[in-house]
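**Q** Just passing along the structure, written as structure tokens.
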Amino acid sequence: MNLKSLTAYSGLVVLSLIWGMAFVAIKGVETELSPVNLALMRWLIAAVPFLILLPIIGRPKVRFERKDVPRLLVMALANVAGYHLSLNYAETTLSAGLSALLIAFGPIFIVALSYLLLHERVGPRILLGLGLAFAGTAVLSVGTISASDFASAAGIVEALFTALCYGLFTVVGKPLVHKYGSAPTTILAGLVGTALMVPLLSESFFTQAASLTLYGWLGVLYLALLSTVFGYLMFYAMVSRGAVSRLSIQLYLIPVVSIIGGALLLSEQITATVVIGGGMMLAAVAISTWK
């Protein structure tokens, strides 16, 4: 493995750690903020560094064309409102680890959408890796989902919708990333998506923000600055360098991180099936990246 490949894979591991712990942070912060107010605060804070970075690294490689506005709007809506609102609502009834497990189906949507919308070739090795990762997710789910979790059908549907939004904004955004650059696309989509959520502001937002504890603020800042600003800039930089379907398999590390983080910080249980399923996911990553 050359230095360039090692750097890319190391970046994917770092991103998986950051986004995996984001599920834990959301679960903790939601004791103080409603799902809507959490999404608003997260993106309003993230908009500040995005605006600062806009004239520095946010200028597109070519002038933005009007024909790409619908694609940008779909990407912004799926990324900001669709993904984060549905995820926040899902975690009101599901654990951080279970939410991450269900959203691990996102790469399956990515592969399907990449094939349907981008005509992206999916090789046998990636298919094998996806199949193993899917099996790992199934093992984890069998060992984690209890009868009470099944009763929370709304949370499960919300988590799966989050996974669909993840796949949608990743695939829809890929042509924009290649055309205009990863940083400009990330920043522009984030700002547009934030603006589209402003009408959701209510009096409760300011009331809850005023009573937010130190731990609440630390959680929100983690989600806004590290998970959102740094995470998305890093993610779309990777999207611009390789096939979306190959990138997606790496993010199966995220639920493993969420389960471990949930166990350490939220006292969520780790069972033998968690270890087995997590091992299958790591094996899937190895298969997909092995040269």
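The values are calculated or read from the model by the stated rules, or taken from the named source; none is laboratory data. Remember, it's a predicted structure, so these values are computed and weren't measured experimentally. When we count neighbours, we look across all protein chains shown, and the Cβ atoms used for this are built from the backbone with ideal geometry, even at glycine.
**Q** Go through (1) in contact with a Leu (Cβ under 6 Å, 6 or more places away or on another chain); (2) under 19 Å from M234 (Cβ atoms) for A159 and report which single condition fails.
**A** Of the numbered conditions (1) in contact with a Leu (Cβ under 6 Å, 6 or more places away or on another chain); (2) under 19 Å from M234 (Cβ atoms), the odd one out for A159 is (2).
**Q** Among the helices (runs of 4 or more DSSP H) confined wholly to segment 1-105, which include 3 or more residues that are buried (at least 16 other Cβ atoms within 10 Å of the Cβ) and either among the aromatic types (F, W, Y) or modelled with pLDDT under 90 (or both)?
**A** On the way: elements: 3-29, 35-57, 69-76, 84-90, 96-103.
Output list reads 3-29, 96-103.
**Q** Looking at segment 132-162, which of the residues that are within 12 Å of P107 (Cα to Cα) and buried (at least 22 other Cβ atoms within 10 Å of the Cβ) is modelled with the highest pLDDT? Talk me through it step by step, then tell me what you get.
**A** The initial filter retains those residues of segment 132-162 that are within 12 Å of P107 (Cα to Cα), namely 133-134, 137, 160, 162.
Now drop any that are not buried (at least 22 other Cβ atoms within 10 Å of the Cβ), which leaves 133, 137, 162.
Values: A133: 73, T137: 68, T162: 93.
Result: T162.
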